[in-house]
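Single-structure report; data block below.
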There are 2 protein chains.
Amino acid sequence: MGKRYTMPYEVAYYDGDITKQMTLPSMLAVVIKTSEEQSALLGRDAEYIAGLGLGWVITNYEIKIDRLPKVGEKITVTTEALSYNKYFCYRNFWIHDEEGNECVLIKSTFVLMNRENRKMGSVSEEIIAPYESEKIKKIQRSEKIEKVEDGRSQSYRVRYFDIDGNQHVNNAIYFNWLLDVLGYDFLSAHQPVHINVKFDKEVEYGHEVESHYDIVEEEQGLKTRHEIRIGEQLYCEANIRWN
Amino acid sequence: MGKRYTMPYEVAYYDGDITKQMTLPSMLAVVIKTSEEQSALLGRDAEYIAGLGLGWVITNYEIKIDRLPKVGEKITVTTEALSYNKYFCYRNFWIHDEEGNECVLIKSTFVLMNRENRKMGSVSEEIIAPYESEKIKKIQRSEKIEKVEDGRSQSYRVRYFDIDGNQHVNNAIYFNWLLDVLGYDFLSAHQPVHINVKFDKEVEYGHEVESHYDIVEEEQGLKTRHEIRIGEQLYCEANIRWN
């Protein structure tokens, strides 16, 4: 069990979609801010990591949504770096409402990437010790992501404001591409309840990605399957269950 | 002179561009939050206005930028509804840094739009009184915006997350289209110092707009001229001076 860090947040009008619910791109951007704040507090901010020639990269999220916070709502975002092994760090995020109910749980995997050759670096004691995470041997396998079979797609050009101070497309932007392709009628009528997303390769400025999806009917409801590709190269894949 | 309202804000990593300066889309989104908070405080929130069959629409901004706030910086945003006449309300916004230096001044014009027929409504005492703005006779004319003459363009499809709880494309999104078209090399090497932007017509979900621009060399520096159009129909126009 690692150190916990909690940050209060009030959902702004610009975080909301047409139903005044917090959008997934905004939610992920805010959530990641807690881990940045915790790292800064522990003397392990992005500049410190960059000084070692490394950078954090998120490889996947598993998101369980009871309900999305509404515009104007005061929430808390809590994070904890639970455990790590040689290459992978496992971090949870929770969103709670004012009554203390859990609205969202996000399980994430972080890896360290060498900034020069973009290869994975091992997790050193120096970097990880302050988080008081548990050292484990096991590699946690996330649920398998089903492929898109009978897909439709739309293309998205990476925009200047999609890239952040780390020169990369922020993870939160992928959710814009993953979801937008589903269209107004679908998005305004359905709520995501479970998301499994894997980031395979980094998208860069100048790229034009294709966001592919199909919709599968299951007993419990609808499932959408997603792939972000450039030609045959896979950049991101996701399965989303809806209510 | 109207009532003033000030809100503190800490620039988040997701507000920053690759130079870690606050982006104009983020800045405008945050700035407008102050006027929303003030209106709520004075019992004149968007729901109250909607109850009268009306909604606020911003028709233009004149923005003077000394410097853009940086990621991590603690700023204050102040707003004041200065004056109004039969149809137009004039509101200023200021961004100050921790030392009290003025970083940005935004002069804006708001009008009331009938939600059914999208026609301008007159500004009633009932709506405006709590702001203690000065009633004036004069209509303030903003600086004339020069047309694009020898332009290049790029098209932008309105995305689901570009529309907000008022079912409209948020003003801040226009700045994404206006600026993105200038490209990485221009944007990462130049700072905007003065922006004059006029919103002529509301863009809706499903639209695909073209963002046109040209670049003019002036004695004091570069000026870019912008038009957002669908075919021959003008939706937004802007002139921006750069350092």
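Under 6 Å between Cβ atoms, at least 6 apart or on separate chains: pull out the pairs that start in region A:1-28 with a residue that is on the phi < 0 side of the Ramachandran plot and end on any residue that is among the hydrophobic types (A, V, I, L, M, F, W, C) and in a strand (DSSP E or B).
Short answer, once both residue conditions are applied: A:GLY2/A:ALA81; A:GLY2/A:LEU82; A:MET7/A:VAL77; A:TYR9/A:ILE75; A:TYR9/A:VAL77; A:VAL11/A:MET22; A:ASP15/A:MET22; A:ILE18/B:ILE163.
Scanning region A:137-153 for residues that are hydrophobic (A, V, I, L, M, F, W, C) and closer than 19 Å to A:ILE58 by Cα, which turns out surrounded by the fewest Cβ atoms within 10 Å (Cβ to Cβ)?
Looking at the filtered set, the residue picked out is A:ILE139.
Would you mind finding the one in B:TYR156, B:TYR131, B:TYR184 that is among the aromatic types (Phe, Trp, Tyr), assigned by TED's automatic domain parsing to the domain that holds B:ALA238, over 18 Å from the mean Cα position of the chain (by Cα) and crowded, with 17+ Cβ neighbours inside 10 Å?
B:TYR156
Does region B:53-76 include one or more residues that are within 26 Å of B:SER124 (Cβ to Cβ), assigned to a loop (DSSP other than H, G, I, E, B) and in contact (Cβ under 8 Å) with a residue 40 or more places away in the chain?
So far as region B:53-76 goes, yes, one or more of its residues are within 26 Å of B:SER124 (Cβ to Cβ), assigned to a loop (DSSP other than H, G, I, E, B) and in contact (Cβ under 8 Å) with a residue 40 or more places away in the chain.
Kindly evaluate A:GLU237 against the criterion of being of a type in the set (Asp, Glu), away from chain B (no Cβ under 14 Å) and free of Cβ contacts under 8 Å to residues at least 40 places away in the same chain.
no
Quick check on this structure: which one of B:LYS33, B:LYS20, B:LYS3 is over 13 Å from the mean Cα position of the chain (by Cα) and within 14 Å of chain A (Cβ to nearest Cβ)?
Of the residues listed, the single one that is over 13 Å from the mean Cα position of the chain (by Cα) and within 14 Å of chain A (Cβ to nearest Cβ) is B:LYS20.
Per-residue answers, yes or no, for (1) more than 9 Å from every other protein chain (Cβ to nearest Cβ); (2) more than 18 Å from A:ASN176 (Cβ to Cβ):
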| site | (1), (2) |
| --- | --- |
| B:ILE163 | no, no |
| B:VAL193 | yes, yes |
| B:LYS201 | yes, yes |
| B:HIS207 | yes, no |
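Select from region A:1-24 the residues that are in contact with a Leu (Cβ under 8 Å, 6 or more places away or on another chain) and not in a loop (DSSP other than H, G, I, E, B) and write down the one among them that is surrounded by the fewest Cβ atoms within 10 Å (Cβ to Cβ).
A:TYR5
Do any helices (runs of 4 or more DSSP H) lying entirely in region A:111-190 carry at least 2 residues that are of a type in the set (A, V, I, L, M, F, W, C) and touching a residue at least 60 places away in the same chain (Cβ under 8 Å), and which ones are they? Before you say what the answer is, go through the steps one by one.
Details: elements: A:125-128, A:171-180, A:183-189.
Those helices (runs of 4 or more DSSP H) span A:171-180.
Can you tell me which residues in region A:30-52 are assigned to a helix (DSSP H, G or I) and surrounded by fewer than 17 Cβ atoms within 10 Å (Cβ to Cβ)?
We begin by selecting, within region A:30-52, every residue assigned to a helix (DSSP H, G or I); these are A:30-41, A:46-51.
The answer is A:ALA40, A:LEU41, A:ALA46, A:GLU47, A:TYR48, A:ALA50, A:GLY51.
For B:THR59, only one of the following conditions fails: (1) in contact with a Lys or Arg (Cβ under 8 Å, 6 or more places away or on another chain); (2) β-branched (Val, Ile, Thr); (3) within 13 Å of chain A (Cβ to nearest Cβ). What is its number?
Unmet for B:THR59, out of (1) in contact with a Lys or Arg (Cβ under 8 Å, 6 or more places away or on another chain); (2) β-branched (Val, Ile, Thr); (3) within 13 Å of chain A (Cβ to nearest Cβ): (3).
The values are calculated or read from the model by the stated rules, or taken from the named source; none is laboratory data. Remember, it's a predicted structure, so these values are computed and weren't measured experimentally. Neighbour counts are summed over all protein chains in view; Cβ atoms, including those assigned to glycine, are modelled from backbone coordinates with ideal geometry.
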